[in-house]
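The values are calculated or read from the model by the stated rules, or taken from the named source; none is laboratory data. Just so you know, these numbers come straight off a predicted model, no measurement behind them. Cβ atoms come from the backbone with ideal geometry, glycine included; neighbour counts cover every protein chain shown. With ligands, DNA and RNA removed, areas are computed over all heavy atoms of the protein, side chains included. Shrake-Rupley method; radii C 1.70, N 1.55, O 1.52, S 1.80 Å.
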Amino acid sequence: MTSQLCRLLLLSILLTAAPLYGAERQKVGLVLSGGGARGAAHVGVLKVLEELRIPIDVIAGTSMGSIVGGLYASGLSPAQIEQILAELDWEDVLADDQTRVELSPNKKFQEDLFSIGISPGFEGGQLKLPPGAIQGQKIELALQRLTTHVAHINEFDHLAIPFRAVATDIVDGSEVILKQGNLGRAMRASMSVPSIFAAIEIDEHLLVDGGIVNNLPVSVARGMGADILIVVDIGAPLRNRDEIGNILTVTNQLTRILTGRNVIASLDSLKETDILISPDLGDITSAQFDRSAEAIPKGEHAARMIAERLQTLSLSSSDYEMYLAGLNQISTGDRTVKSIALRNESSINDNVVAKRLNVNKGDPLNLDQLEHDIGQIHGLGAFEKVGYDLAQYEDGVGVMVYATPKSWGPNYLHFGLDMEGDLSGDTATNIVLGYSRSEMNQWAGEWTTLLQVGQEPKLFSYLHQPLGLDLSYFVQPSFSIERTNVGVFSGDDETAQYELRQSEFQLVVGKEFGANAVFSLGVNRRSGEVRVAIGDPNLPESDFDDGGAIATFRYDSIDDIDFPSRGALLNLSYYQALDSMGADEAYRQWRLRSGIVTTFGNKHTLGVLTSVGGTEDGTASFSRRFLLGGFLNMSGLQVNQLSGEYAGLVTAFYYRKFDRFKILPAYIGGSAEYGGAWADRDDISSKSSLFGGSFFLGVDSPLGPVLIGLGRTNEGDSVFFTKIGRFFN
């Protein structure tokens with residue numbers, strides 16, 4: 001009983017003393033500047049402040065300073081924030097788009113048609129560009145997750161430590177001080193570097209990085225009532241003349257100039273009692289998040305260098321305990337899902353979107369599941385951003401999922417360039433233009449058209465129409481007209497060239513199995529003519545008709561169609577030509593293509609491709625013959641130099657990536673290839689097969705892979721080849 005009375009008496013004394021303690025000392029404000037990856041130094045400073053028992057009463061931060069400051073204000077410790085920065089996959093969260101592996105089979109097929117990755121919108125005769133290179137889909141989800149424990153707190157004064165984030169209204173250039181709302185979204189707004197990140201709308205303001213107007217928010221902290229400021233400036237110095245050499249460094253220099261000017265004004269406003277900490281971060285740039293671990297000890301070192309001055313703000317152990325006890329207490333409350341709501345602003349049916357949500361009322365809130373479901377919705381390809389808001393109630397949490405359509409859609413333009421040939425001048429060059437219309441209807445129908453202009457013109461158009469709420473079943477009609485050049489060779493010499501003109505209609509129905517597999521059945525009708533374009537006019541010419549049924553199974557987990565690093569593919573098709581569908585001759589044909597790619601040491605990539613096929617019980621039409629020749633397709637031969645009713649090829653390739661070329665990644669590699677093409681099954685033998693290989697250099701350019709190399713076969717055939725376009729298709 002006595003011990004209980006003692007504890008009550010001690011508690012009474014502490015509670016009585018708290019107001020006196022608060023009134024005795026001056027209020028300390030912490031100001032954290034922006035600076036991208038350099039902002040990790042703020043964590044090192046926080047470590048020292050806690051070690052020295054320095055109370056922080058208010059926090060104001062800009063950009064990365066708002067992230068570190070916001071997390072600290074939410075009640076996280078410096079050690080927890082350090083762990084977050086170490087474990088966060090910055091390369092992933094700063095990329096909006098799904099990886100190729102995550103794309104649906106139809107999206108993979110569509111993207112592989114066009115080698116240039118830029119797809120602007122198009123409407124009313126004008127181009128529509130995205131509001132930023134990064135829309136912020138993943139970074140906002142990451143910040144939401146990190147601040148879930150305070151998602152129910154609307155007023156930032158009610159966080160463990162009162163907090164403000166600074167952003168800029170891109171419409172009028174004014175400073176916007178964020179003091180309420182969703183903490184994760186406020187931090188995201190404060191770090192939105194213009195043109196890099198899309199602006200974010202909060203309370204009718206269109207917001208971007210606060211560094212433009214106030215990168216060192218001294219005035220904001222003073223406005224929160226701070227008497228003494230601890231100011232941490234991690235801004236990057238201006239580049240020298242030799243370091244400004246391209247559009248990226250020029251843009252970065254302009255940003256540094258803009259932020260530098262308002263930082264000077266903030267520094268000039270400091271009082272003698274304020275304490276400035278400026279860590280020496282050397283050559284760590286604002287974009288090098290992989291070096292954030294290096295910045296933390298540099299911030300810690302800078303704080304320790306002025307520890308003697310910082311100690312003037314230190315509290316005794318007992319007073320510091322009272323300070324900690326006086327911080328706002330955070331209680332998350334009941335995390336059971338009480339309600340689920342959807343705000344879908346696109347034309348896609350609400351039920352299609354809701355089908356991808358597996359968060360159920362009455363279950364505990366599972367952020368992993370919620371983020372996975374949001375990723376599935378975003379993967380439909382129609383949305384600029386998909387996110388969520390949480391509302392805390394006494395008996396649970398309300399979940400609101402919102403889906404915002406792309407502001408530059410739903411009409412898109414696509415571009416590509418395809419060139420392959422040899423240095424002697426025998427090169428086929430084609431420019432590829434494309435148009436796609438998404439959200440054709442509420443069931444996510446999408447129409448895509450490709451126009452190829454050049455030596456091998458082509459028009460190809462198809463409609464991918466999903467069926468059902470899960471969109472896994474589909475119907476896909478397509479139509480194409482094309483002209484292809486096929487050479488006639490005598491040894492290495494091209495003696496003539498045929499021109500193949502054909503048109504084709506196809507209708508298939510199928511089912512997608514997740515992101516990587518699809519099975520389809522369909523009918524196909526093809527007709528055309530084969531004419532001599534170059535060479536002896538007495539060479540045989542022909543017209544042909546073909547038609548039949550086709551079955552296809554595709555599996556594709558390749559991570560990059562250009563320079564893949566991992567994944568596998570399997571493409572198996574069976575075609576039955578039928579007299580009843582207009583085929584000149586009935587026959588059966590099968591094709592199998594498979595491959596696997598792996599990377600070790602992050603730089604060395606190995607891959608194996610296998611391609612085999614044959615025609616049975618008849619002769620295939622001219623347009624369905626198997627062709628060999630060209631890069632990785634018996635590289636020592638000219639493009640399409642060999643043809644036949646049967647073909648087989650095994651290709652092993654290797655390349656090494658050179659990371660020092662940041663703008664245009666460079667590769668050096670080679671291949672070993674074995675196989676051939678034959679007119680008849682009885683002709684297939686090791687004696688009639690070729691062994692060859694290639695050596696190549698390449699860069700991953702904005703136009704797609706650009707390759708130059710030498711191919712050679714065991715029979716002395718050799719080609720110095722050039723290629724622009726898809727590496728791996």
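Miscellaneous remarks
- Filter pass, Ala293 being closer than 28 Å to Val193 by Cβ, open to solvent by 40 Å² or more (accessible area, probe 1.4 Å) and hydrophobic (A, V, I, L, M, F, W, C): yes
- The residues of segment 133-159 that are part of a loop (DSSP other than H, G, I, E, B) and either open to solvent by less than 10 Å² (accessible area, probe 1.4 Å) or touching a helix residue (DSSP H, G or I) at 6+ places or on another chain (Cβ under 6 Å) (or both), listed by number, are Gly136, Thr147, Leu159.
- Of note, Ser542 satisfies the criterion of being touching a residue at least 60 places away in the same chain (Cβ under 8 Å) and among the hydroxyl-bearing types (Ser, Thr, Tyr).
- Scanning segment 499-537 for residues that are touching a residue at least 60 places away in the same chain (Cβ under 8 Å) and over 33 Å from the mean Cα position of the chain (by Cα) yields a total of 5.
- Yes/no for Ala444 being closer than 30 Å to Gly630 by Cβ, aliphatic (A, V, I, L, M) and open to solvent by less than 60 Å² (accessible area, probe 1.4 Å): no
- Of all the listed residues (Ala186, Ala167), the sole one being hydrophobic (A, V, I, L, M, F, W, C), part of a helix (DSSP H, G or I) and open to solvent by less than 10 Å² (accessible area, probe 1.4 Å) is Ala186.
- Of the helices (runs of 4 or more DSSP H) lying entirely inside segment 24-99, those containing at least 1 residues that are surrounded by fewer than 16 Cβ atoms within 10 Å (Cβ to Cβ) and touching a residue at least 40 places away in the same chain (Cβ under 8 Å) span 78-87, 90-93.
- Meets criteria (under 18 Å from Arg185 (Cβ atoms) and open to solvent by 30 Å² or more (accessible area, probe 1.4 Å)) for Ala403: no
- Qualifying residue in segment 543-566 (condition: polar (S, T, N, Q) and over 29 Å from Gly595 (Cα atoms)): no
- Residues that are in a loop (DSSP other than H, G, I, E, B), in contact (Cβ under 8 Å) with a residue 12 or more places away in the chain, within 39 Å of the chain's Cα centre (by Cα) and crowded, with 19+ Cβ neighbours inside 10 Å occur in segment 713-725; there is at least one.
One line per residue, one yes/no per condition, for (1) among the acidic types (Asp, Glu); (2) modelled with pLDDT under 95; (3) farther than 21 Å from Gly121 by Cα; (4) touching a strand residue (DSSP E or B) at 6+ places or on another chain (Cβ under 6 Å):
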position: Gly434; (1), (2), (3), (4): no, no, no, yes
position: Trp447; (1), (2), (3), (4): no, no, no, yes
position: Gly454; (1), (2), (3), (4): no, yes, yes, yes
position: Lys458; (1), (2), (3), (4): no, no, yes, yes
position: Leu469; (1), (2), (3), (4): no, yes, yes, no
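- Test: residue in segment 104-113 that is closer than 29 Å to Gly36 by Cα, aliphatic (A, V, I, L, M) and touching a strand residue (DSSP E or B) at 6+ places or on another chain (Cβ under 7 Å): no
- Complete set of residues in segment 320-331 that are open to solvent by less than 50 Å² (accessible area, probe 1.4 Å) and either in contact with a helix residue (DSSP H, G or I) (Cβ under 6 Å, 6 or more places away or on another chain) or within 17 Å of Val150 (Cβ to Cβ) (or both): Met322, Leu327
- Subset of segment 467-484 (residues that are over 24 Å from Asn349 (Cβ atoms) and either open to solvent by 40 Å² or more (accessible area, probe 1.4 Å) or among the hydrophobic types (A, V, I, L, M, F, W, C) (or both)): Phe479, Ile481, Glu482, Arg483
- For Gly124, the criteria (1) over 30 Å from Ile67 (Cβ atoms); (2) touching a residue at least 40 places away in the same chain (Cβ under 8 Å); (3) not aromatic (Phe, Trp, Tyr) hold in every case but one, which is (2).
- Across segment 485-515, the qualifying residues are those that are at pLDDT below 85, open to solvent by 40 Å² or more (accessible area, probe 1.4 Å) and in a strand (DSSP E or B), and the one among them that is nearest to Ala551 (Cα to Cα) is Val488.
- Any hit, segment 432-439, residues being surrounded by fewer than 18 Cβ atoms within 10 Å (Cβ to Cβ) and not in a strand (DSSP E or B): no
- Cβ separations smaller than 7 Å between residues 6+ apart or across chains give the following pairs from segment 599-610 residues that are farther than 22 Å from Glu673 by Cα to residues that are open to solvent by less than 70 Å² (accessible area, probe 1.4 Å) and among the charged types (D, E, K, R): Lys603/Arg656; Lys603/Lys657.
- Qualifying positions in segment 280-304 - in a helix (DSSP H, G or I) and not small (Gly, Ala, Ser): Phe289, Asp290, Arg291, Glu294, Ile296, Pro297, Lys298, Glu300, His301, Arg304
- Test: residue in segment 380-399 that is within 29 Å of Gly181 (Cβ to Cβ), of a type in the set (A, V, I, L, M, F, W, C), open to solvent by 20 Å² or more (accessible area, probe 1.4 Å) and touching a strand residue (DSSP E or B) at 6+ places or on another chain (Cβ under 7 Å): yes
- Summed over segment 104-128, the residues that are more than 26 Å from Ser472 (Cα to Cα) and within 17 Å of the chain's Cα centre (by Cα) give a count of 4.
- Strands (runs of 3 or more DSSP E) lying entirely in segment 604-706 (those with 2 or more residues that are farther than 30 Å from Asp545 by Cα and among the aliphatic types (A, V, I, L, M)): 604-616, 646-658, 666-678, 690-701
- Within segment 543-599, considering residues that are part of a strand (DSSP E or B) and charged (D, E, K, R), the one least open to solvent (accessible area, probe 1.4 Å): Asp546
- Tally, over segment 652-701, of residues that are open to solvent by 50 Å² or more (accessible area, probe 1.4 Å) and under 22 Å from the mean Cα position of the chain (by Cα): 8
- Considering only residues in segment 516-531 that are crowded, with 16+ Cβ neighbours inside 10 Å and aliphatic (A, V, I, L, M), the one that is nearest to Pro466 (Cα to Cα) turns out to be Val518.
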